[in-house]
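What follows is a single structure, written as structure tokens, with notes after it.
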Amino acid sequence: MDSFFIPTLHTFAMENVFTGSCGLFRFKITPSVTKIGKEVDFENSSMLAEFWHGKFCYEKSQMEGNATFPLSEQGRQAMLDWLQENI
């Protein structure tokens, strides 16, 4: 099975968007981070994963699927599994 890199939760907790690919499979992960003061409220934060197939960037492509996952290790693994199912 093809595989790809997904960054650690720290990357998403710092509100960084991540894009990646595996062949013509492309994906984008956008965190939605809630904070209590300066601390990340992991329980109320999430990650939106979107994917498409093709040669073009996100802005020039039509999304084929999307799903939202909790900002947690379990959510990160579920997102990775979901993306791999859609390659």
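Worth a mention:
- Tally of residues being open to solvent by 60 Å² or more (accessible area, probe 1.4 Å) and under 15 Å from Ile87 (Cα atoms) across the range 7-20: 1
- Number of positions in the range 67-79 that are surrounded by 12 or more Cβ atoms within 10 Å (Cβ to Cβ) and more than 11 Å from the chain's Cα centre (by Cα): 1
- Scanning the range 28-47 for residues that are of a type in the set (Gly, Ala, Ser) and surrounded by 17 or more Cβ atoms within 10 Å (Cβ to Cβ) turns up Ser45, Ser46.
- With respect to the stated conditions, Phe4 is open to solvent by 20 Å² or more (accessible area, probe 1.4 Å) and of a type in the set (A, V, I, L, M, F, W, C).
- Residue pairs meeting the criteria (Cβ under 6 Å; at least 6 apart or on separate chains; first free of Cβ contacts under 8 Å to residues at least 40 places away in the same chain, in the range 2-30; second among the hydrophobic types (A, V, I, L, M, F, W, C)): Pro7/Phe18; Glu15/Val33; Phe18/Ile29; Gly20/Phe4; Gly20/Phe27; Arg26/Trp52; Thr30/Val17; Thr30/Leu48
- Unmet criterion (only one of (1) in a helix (DSSP H, G or I); (2) acidic (Asp, Glu); (3) open to solvent by less than 50 Å² (accessible area, probe 1.4 Å)) for Glu50: (1)
- Picking from residues in the range 54-66 that are in contact with a strand residue (DSSP E or B) (Cβ under 6 Å, 6 or more places away or on another chain), closer than 15 Å to Leu24 by Cβ and open to solvent by 60 Å² or more (accessible area, probe 1.4 Å), the one that is modelled with the highest pLDDT is Glu64.
The values are calculated or read from the model by the stated rules, or taken from the named source; none is laboratory data. Since this is a predicted model, take the numbers as computed values, not measurements. Positions of Cβ are backbone-derived with ideal geometry, glycine not excepted, and every protein chain shown enters the neighbour counts. Just the protein is used for accessible areas: all its heavy atoms, side chains included, with ligands, DNA and RNA removed. Shrake-Rupley method; radii C 1.70, N 1.55, O 1.52, S 1.80 Å.
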